[in-house]
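Peer 1: Provided herewith is a single structure, encoded as structure tokens, for subsequent inquiry.
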Amino acid sequence: QVQLVESGGGSVQPGGSLRLSCAASGSVFSIDAMAWYRQAPGKQRELVARITSGGSTNVADSVKGRFTISRDNAKNTVYLQQNSLKPEDTAVYYCNADVAYYRGSYLHNYWGQGTQVTVSS
């Protein structure tokens with residue numbers, strides 16, 4: 001009932017920047033927390049950054065000062081601005097959201113399909 005569609009991934013040299021976007025569509029009344037996770041080959045999926053509906057954020061220590069999460073509630077979209085990218089940031093990045101179908105409903109958790117970010121010289 002809800003689709004999360006990521007965009008903005010790609011290949012970039014070390015020190016470069018990318019901006020990831022994730023738009024939610026379908027049976028969305030409201031979205032609580034939205035987040036970005038990443039999974040590198042052979043590693044577990046890890047939380048990169050999270051933002052509440054009110055705009056409070058938390059960011060992993062490994063990307064603090066380089067990555068910024070933001071959202072546009074009117075567009076049901078979350079962004080991840082990635083600056084000063086490093087080779088160790090190479091991973092598939094996944095969007096995650098807690099969605100309410102109607103006022104007062106339980107929250108339903110959704111994942112996007114993932115977008116590849118490759119940092120290499």
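The values are calculated or read from the model by the stated rules, or taken from the named source; none is laboratory data. This one's a predicted model, so the numbers in the text were calculated from it and none came from an experiment. When we count neighbours, we look across all protein chains shown, and the Cβ atoms used for this are built from the backbone with ideal geometry, even at glycine. Ligands, DNA and RNA are stripped out before the accessible areas are found, and what is left, the full protein with its side chains, is counted by its heavy atoms. Shrake-Rupley method; radii C 1.70, N 1.55, O 1.52, S 1.80 Å.
This table checks each residue for (1) open to solvent by 20 Å² or more (accessible area, probe 1.4 Å); (2) more than 12 Å from the chain's Cα centre (by Cα).
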position: P41; (1), (2): yes, yes
position: I51; (1), (2): no, no
position: V92; (1), (2): yes, no
position: N96; (1), (2): no, no
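Peer 1: Look at V63 and say whether it is of a type in the set (V, I, T) and part of a strand (DSSP E or B).
Peer 2: no
Peer 1: Here's a follow-up. Residues in segment 76-90 that are surrounded by 12 or more Cβ atoms within 10 Å (Cβ to Cβ) and in a helix (DSSP H, G or I): how many?
Peer 2: Of the residues in that region, 1 qualify.
Peer 1: Is it fair to say V117 is closer than 20 Å to L4 by Cα, in contact with a helix residue (DSSP H, G or I) (Cβ under 7 Å, 6 or more places away or on another chain) and outside any helix (DSSP H, G or I)?
Peer 2: Taking the combined requirement at face value, the residue satisfies it.
Peer 1: Which residues, taken from segment 27-43, are modelled with pLDDT under 95 and either in a strand (DSSP E or B) or touching a Leu at 6+ places or on another chain (Cβ under 7 Å) (or both)?
Peer 2: S30
Peer 1: Tally up the residues in segment 60-70 that are under 26 Å from F29 (Cα atoms) and either touching a residue at least 40 places away in the same chain (Cβ under 8 Å) or surrounded by fewer than 20 Cβ atoms within 10 Å (Cβ to Cβ) (or both), please.
Peer 2: 2
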